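**Student:** Below is the structure I would like to discuss, written out as structure tokens.
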Amino acid sequence: MAPALLATDDLQPLLDEVTRFSTTEMAPITQRPDLPASAEAISKLSQAAYDFGILPGDDQNPGFALWAQPEDANALAFSIGALKQLASVNAGIALAWHRNALACFLARSIGFRLNETQQAPLALTAIPTGHHGLARGSLARWLRRRVTDEDQSMLADWLDRNTCNTPLTAPPQWQNLIWPVWHEGVMSWQLVHRSEIAITPCRPQHGLDELGTWQVSAGPANGEIVGATQQQVSSMLVLDALGLLAIAAGTNQHGAAMAGEFASLRRQGGRVISQHAAVQTMLAKIQQARWEAEMVLSGLTRPLSRLSLKELMMARQQLHPRLCMAANLAMQVHGGIGYMQDCGPEKLLRDQNMLRFQSGGTREIPLFIHAWGEI
Amino acid sequence: MINRAMHLEGHLPADHRLAPHWQFAALPRIAQQITSYQRDDLWASDTRRLPAPLAQLRRRARTFAETYLAPLSAEADLAMHTVPGQHPPAITDMLKVAAREGWLSYFLPRPLGSMSWKRSLYPPVWQSSLVVEEFSRVCGGLMLLLSAHHLGCIPLLLSGDIKVIRRFLAPVYRSCHKGDPHLVAFAITEPGAGSDAEDGHGARDYKPGVVASRCQGGWKLNGRKCFISGGDMARTLTVFAALEGEGMESWTCFYVDAASPGFRVARNEMKMGMRASGAADLEFTEVFVPDSHVIGGLRKGWVLNRASLNTSRIPVASMAVGFARAATEQATTFACRYQLGGKALIHYQDVQQHIATMVAETRAIRSMVWQEARNAWKPRQLNASACKFHATNRAQIVVEMALDLLADQGGLQEQKIEKIFRDVRLTRIFEGTNQINQLSVIEDWQDQLLPLCSPSSAPIGV
Ligand SMILES: Cc1cc2nc3c(=O)[nH]c(=O)nc-3n(C[C@H](O)[C@H](O)[C@H](O)COP(=O)(O)OP(=O)(O)OC[C@H]3O[C@@H](n4cnc5c(N)ncnc54)[C@H](O)[C@@H]3O)c2cc1C
């Protein structure tokens, strides 16, 4: 039976529920920017999110959980809005949930049957890209079915999970991983259990303090492997990019609010600093980045099949640097106190940087766009 | 057969007949004198171009940084937030070596300081800029630990009072030479005055937070200073305070002994980067300072403060150069070693462009710093501030480019660039935010700008 679609009228009330959830359940454990929520607290919170229905569970009945019904514009709008809201409280947890939901979406569309433990909150995560960047233009050409021999060997290397290490940023609870692999000359999906993965823990990374980073690799004999279609890979990358952008936009909302509030209280130069043109300019640029993110995201709120990966890549290329700049400005508006870990903007800046580095980063996007060709 | 080891993709090997390097060898001797196709290391050739005493200083600073700072850098950055003044023994040992080797006393020539007489022909700001770049390149935090001390000493020097120098600065330097690091901190910032402590227009309206009241034989200081680099380890501090009942025009520099009753390091801030150096919150409760410890005279603090900042802002710009350089070096090494699609990233044209831009950006800001530093016998506010805000803004862009090149690996601490980002970020905030430094340029320039507002005035030069 097809899952029920989300009615337009239900969208805002549902998002209000997410706001309530994030304020009452999430904010208390993430209040101190210098003290990341413990793994235990995140587990409990994730269980609450699962019970509440934000995190997907039973794959037969996805409900309105994140990325559960991406063919429905309202459901997609809900996922974007919810991630934005969650990230405005904590980007790390929002990313963990986004990747968990993405992995569940993938399992559903690929046909991996998840057992009960794999469906537990945070048990499953996904790595959407290869070991570095976006395989230059090769991934785009593969997706557009114009792959050359050179692309094949690039992709074979990019998705060589056996000999290359890939960084994984996830909550410590992760147990299973879905990722694209290059298997016997074709792009495939691998679902693999943590015990089958060679793992090197990394030192605490730049941001997203709630999560850890591991260098991971796994051989082809491990887990389940099935062939991947262009549409599956494209869908995953589209949803991943949407999630990253929504989280980045939510993080910026937080920074914008903090900067605005601080600027209206702090006095320097004989007046509150929001009265100085230098500060007004910074606040305006933060607002502008926010507006750009909203515009782009609302333009991208369409059923999944009507979204082009090229557009999403262009959006990432455009927005991540803008939102990083906004996070920098939020810190700058705060002056010295903004540089301190217990103030807030410092963490937002690190988190925003981390979002920019995810899923291949942004530097190779022009090559991807060019290789994709005209829409 | 040509292999990748012999040339980068898109480029001919150096011995190819179309390679300029190959043709260069065939040029007449005179032509070879006026053109160059050397394969020198950029750092080495820049160093050679410096006057010999400064070249030697640059080489020594690099050796010291690589020998003593680099091994401590990651650990110092990752260390838990400590209570004020507590440092791992390795850092204390490093400070002792730095003190003995003269890295804490090079603003004055021998026998008072550690500056060689040959070096004294060149502005100390230039010398400091060279040293600071080398130290920042390996660790922002340890660099700050060593450099904030000089800022603390600068008001003593700039007082221009031989007695002050002999009585206060000389013992500091002497103690350092003996391997007993005596650190000095510079304290202007107060909870209510960050920018207002660096900008006259703001200071005009500020009600001073640290106030000196007259008492028998001296002054009693009360109030709080914040964000004071090295304030947790300093034995003495140059503290700026207003005289009781007066405004910021009365600012006076007091030389305060950290062992004085009533002085307390309340806490160290939890910083994003440069974590090896403490940014301390200092409390003054009836701290007695004898008259003899007033530096430069009563009500001479504001000018001393501003002159000190003019002296230190070019070295701050040089910190930024050190960070940009470190990021460029790390990213280039990554690009040469990281394999994608069967070859190192450096073989891809877009990667080459990316790195070339980082190199150019880094060298452009270094040129600016050296240009200003070489003439900084009397550092001018406009030049120092322009150099500070521009170099630090551009340096952060270089560091971000390095992170972008590493993409998914960018956030990993193991790759070292994320730490450089956290370090470089501070340079846009302290020593006056970059916004305040922009205003300082105009403040200094206004005597020329005001006449320009009249249509008949002579043109200005930039
Ligand atoms: C890690 C660290 C180390 C430091 N070390 C030292 C030290 O050793 N000694 C010391 O004395 N101080 C030190 N400082 C203080 C530093 O110099 C100040 O933080 C800096 O000058 C900014 O002041 P503030 O933090 O109060 O920011 P604020 O002055 O509150 O500035 C907040 C925002 O308002 C803007 N603003 C303020 N006034 C104006 C104006 N008039 N016009 C336009 N815009 C304005 C600023 O640009 C900024 O964006 C340190 C600071 C840090 C963070």
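**Student:** Closer than 24 Å to B:LEU340 by Cβ, in contact with a strand residue (DSSP E or B) (Cβ under 6 Å, 6 or more places away or on another chain) and buried (at least 21 other Cβ atoms within 10 Å of the Cβ): is that true of A:LEU159 in this structure?
**Tutor:** yes
**Student:** Tell me, which helices (runs of 4 or more DSSP H) lie completely within segment B:137-238 with 3 or more residues that are open to solvent by less than 10 Å² (accessible area, probe 1.4 Å) and at pLDDT 95 or above?
**Tutor:** Of the helices (runs of 4 or more DSSP H) lying wholly inside segment B:137-238, those with at least 3 residues that are open to solvent by less than 10 Å² (accessible area, probe 1.4 Å) and at pLDDT 95 or above span B:140-158, B:170-177.
Residues are listed down the side, and each one gets a yes or a no for (1) buried (at least 18 other Cβ atoms within 10 Å of the Cβ); (2) of a type in the set (Val, Ile, Thr):
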residue	(1), (2)
B:THR35	no, yes
B:ASP46	no, no
B:ARG49	no, no
B:ALA52	no, no
B:LEU72	yes, no
B:HIS87	yes, no
B:THR92	no, yes
B:TRP103	yes, no
B:TYR106	yes, no
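**Student:** Output the qualifying pairs, or none if there are none: Cβ atoms under 8 angstrom, residues six or more apart or on different chains, first residue in segment A:263-282 and hydroxyl-bearing (Ser, Thr, Tyr), second residue assigned to a helix (DSSP H, G or I) and surrounded by fewer than 17 Cβ atoms within 10 Å (Cβ to Cβ).
**Tutor:** Sorted first by the residue in segment A:263-282, then by its partner, the pairs are A:SER274/A:GLY260; A:SER274/A:SER264; A:SER274/A:GLN280.
Here's the yes/no breakdown for (1) open to solvent by 10 Å² or more (accessible area, probe 1.4 Å); (2) under 18 Å from the mean Cα position of the chain (by Cα); (3) more than 25 Å from B:ALA276 (Cα to Cα); (4) modelled with pLDDT of 95 or more:
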{"residue": "B:LEU403", "(1), (2), (3), (4)": "no, no, no, yes"}
{"residue": "B:ALA407", "(1), (2), (3), (4)": "no, no, yes, yes"}
{"residue": "B:GLY411", "(1), (2), (3), (4)": "no, no, no, yes"}
{"residue": "B:ILE417", "(1), (2), (3), (4)": "no, no, no, yes"}
{"residue": "B:ARG428", "(1), (2), (3), (4)": "yes, yes, no, yes"}
{"residue": "B:GLU443", "(1), (2), (3), (4)": "yes, no, yes, yes"}
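**Student:** What's the total number of residues in segment B:339-356 that are in contact (Cβ under 8 Å) with a residue 12 or more places away in the chain and either buried (at least 19 other Cβ atoms within 10 Å of the Cβ) or among the β-branched types (Val, Ile, Thr) (or both)?
**Tutor:** Of the residues in that region, 7 qualify.
**Student:** Using the structure shown, decide if B:ALA259 is surrounded by fewer than 23 Cβ atoms within 10 Å (Cβ to Cβ), modelled with pLDDT of 95 or more, in a strand (DSSP E or B) and more than 12 Å from the ligand (Cβ to nearest atom).
**Tutor:** no
**Student:** While we're here: Looking only at segment B:262-294, count how many residues are open to solvent by 10 Å² or more (accessible area, probe 1.4 Å) and either farther than 28 Å from B:ILE420 by Cβ or among the aliphatic types (A, V, I, L, M) (or both).
**Tutor:** Residues flagged as open to solvent by 10 Å² or more (accessible area, probe 1.4 Å) and either farther than 28 Å from B:ILE420 by Cβ or among the aliphatic types (A, V, I, L, M) (or both) within segment B:262-294 amount to 15.
**Student:** Restricting attention to segment A:349-370, which residues are aliphatic (A, V, I, L, M), open to solvent by 10 Å² or more (accessible area, probe 1.4 Å) and either within 11 Å of another protein chain (Cβ to nearest Cβ) or touching a strand residue (DSSP E or B) at 6+ places or on another chain (Cβ under 8 Å) (or both)?
**Tutor:** A:LEU367
**Student:** I need the full set of residues from segment A:175-212 which are open to solvent by 60 Å² or more (accessible area, probe 1.4 Å) and assigned to a loop (DSSP other than H, G, I, E, B), in order please.
**Tutor:** Within segment A:175-212, A:GLN175, A:GLU184, A:ARG203, A:PRO204 qualify.
**Student:** Okay, moving on. Within segment A:349-375, how many residues are in contact with a helix residue (DSSP H, G or I) (Cβ under 7 Å, 6 or more places away or on another chain), modelled with pLDDT of 95 or more and not in a helix (DSSP H, G or I)?
**Tutor:** Going through segment A:349-375 one residue at a time, the tally reaches 3.
**Student:** Then there's this: List the helices (runs of 4 or more DSSP H) inside segment B:373-462, counting only whole elements, that have at least 3 residues being in contact with a Phe, Trp or Tyr (Cβ under 9 Å, 6 or more places away or on another chain), within 16 Å of the ligand (Cβ to nearest atom) and within 14 Å of chain A (Cβ to nearest Cβ).
**Tutor:** Because the criterion is at least 3 residues that are in contact with a Phe, Trp or Tyr (Cβ under 9 Å, 6 or more places away or on another chain), within 16 Å of the ligand (Cβ to nearest atom) and within 14 Å of chain A (Cβ to nearest Cβ), the helices (runs of 4 or more DSSP H) in segment B:373-462 that meet it are B:417-426, B:434-452.
**Student:** Pick out the one residue from A:MET295, A:MET258 that is within 16 Å of the ligand (Cβ to nearest atom) and more than 14 Å from every other protein chain (Cβ to nearest Cβ).
**Tutor:** Only one candidate passes the filter, namely A:MET258.
**Student:** Evaluate the following for B:VAL287: is it within 16 Å of the ligand (Cβ to nearest atom) and either closer than 17 Å to B:ARG224 by Cβ or modelled with pLDDT of 95 or more (or both)?
**Tutor:** No; evaluated as a whole, the condition is false for this residue.
**Student:** I'd like the residue in segment B:16-42 that is part of a loop (DSSP other than H, G, I, E, B) and over 42 Å from the mean Cα position of the chain (by Cα) and, out of all such residues, is farthest from B:GLN349 (Cα to Cα).
**Tutor:** Top of the filtered list is B:PRO28.
The values are calculated or read from the model by the stated rules, or taken from the named source; none is laboratory data. In this text the structure is predicted, and so the values were computed from the model without any measurement. Cβ coordinates were reconstructed from backbone atoms using ideal geometry, including for glycine residues, and neighbour counts include every protein chain displayed. Side chains are part of the model used for accessible areas, which takes the heavy atoms of the whole protein and leaves out ligands, DNA and RNA. Shrake-Rupley method; radii C 1.70, N 1.55, O 1.52, S 1.80 Å.
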